[in-house]
1. If R₀ is 45 angstrom, what is the calculated FRET efficiency for the pair R67 and A149, using the beta carbon separation as r and rounding to 0.05?
2. Once you have the Cα-Cα distance between Y197 and R117, take 0.36 nm times their residue separation minus that, and quote the gain in nm to one decimal.
3. Could you tell me whether region 3-70 comes out rounded, prolate or oblate from its Cα gyration tensor? Rule is a ≥ b ≥ c as square roots of the eigenvalues, rounded for a/c under 1.5, then prolate if a/b exceeds b/c, otherwise oblate.
4. If you take the Cα atoms of the chain, find Rg, then find the Kirkwood Rh from the mean of 1/r over all pairs, what is Rg/Rh?
5. Excluding M73 itself, calculate the net charge of residues whose Cβ lies under 13 Å from the Cβ of M73, where each Lys or Arg counts +1 and each Asp or Glu counts -1.
6. Can you compute 3J(HN,Hα) from phi for each residue in region 51-63, using the Karplus curve 6.51 cos²θ - 1.76 cosθ + 1.60 with θ = phi - 60°, rounded to whole Hz and x for Gly and Pro?
7. Relative to the longest principal axis of the C-alpha atoms of the chain, give the angle of the C-alpha long axis of helix 10-22, reported between 0 and 90° and rounded to the nearest 10°.
8. When the Kirkwood radius is taken over all Cα pairs of region 126-216, what Stokes-Einstein diffusion coefficient follows at 10 °C and 1.306 mPa s, in µm²/s?
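Nothing in this text is a laboratory measurement; each read-out follows from the coordinates by a stated rule. Predicted model only: the values in this text are computed from it and were never measured. All Cβ positions, even for glycine, are placed from backbone atoms using ideal geometry, and neighbour counts span all protein chains on display.
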Amino acid sequence: MHILLVEDQRKLADNIKQFLELEHYVVTVASDGKEGFELAMTQDVDLIILDINLPGMDGYVICTMLRQNKKNMPILMLTARGKQAEIVHGLNIGADDYLPKPFDLSELLARVKALLRRTGTQKDPVLRTGTITLDTNTQEVRKGTDKIALSPKEYALFEFLLRNKGTAQDRPRILDHVWGGRDDLMFSQTVDVHIAYLRRKLGKEAVRTVPGKGYLVPAD
């Protein structure tokens, strides 16, 4: 799952990013409104955590413009503005939830999971290919009855490929979803390295190479 966090308070953004990455989410951070809007429009994003008081473009404007452009990913507004009228306004322009600051990270995580379930992004918590299963609730990966330990990036990569089972994913799209849009030679090679790690742990047939197109998990 790829989360876009638009937050200009650097320390808070770093804390949220680290916390969510430990929960196996991929997190891209934007520190101003214009950058956040551009990333939301161009990247493959499953959910947005959106501050309101932002330089360049505030969160209300971003939310309104995303909905006008038919972007339907869940939006969780995260802000110090906690008055009822402001909450109602955010929900009326298209936000799905509203979490006033200060907040507990465990509550943020619960709301993120609830939004992904509510919008149907996580239709089935258990993803499968052959004898391999990935449980998105427990973050456990098993091959048969054996539990397979994956690093956070390996997990995020395998989950992304599983959710697009049977369809080849090229390196730019993988980089966009799993590494937050890094598109240089080093990170392109990183994709290949992590594919090799997955094959070593899950078996060579778990992830196949499609020449000229990228990688895929085979459809059942």
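1. Result of the calculation: an efficiency of 0.65.
2. 25.8 nm
3. Oblate, because a/c is 1.5 or more while a/b does not exceed b/c.
4. My calculation of the ratio gives 0.99.
5. Residues near M73 contribute 0 overall.
6. Going residue by residue, I get 6, 9, 7, 10, x, x, 7, 7, x, 4, 5, 4, 4 Hz, with x marking Gly and Pro.
7. The angle comes out at about 30 degrees.
8. Diffusion coefficient, whole number: 120 µm²/s.
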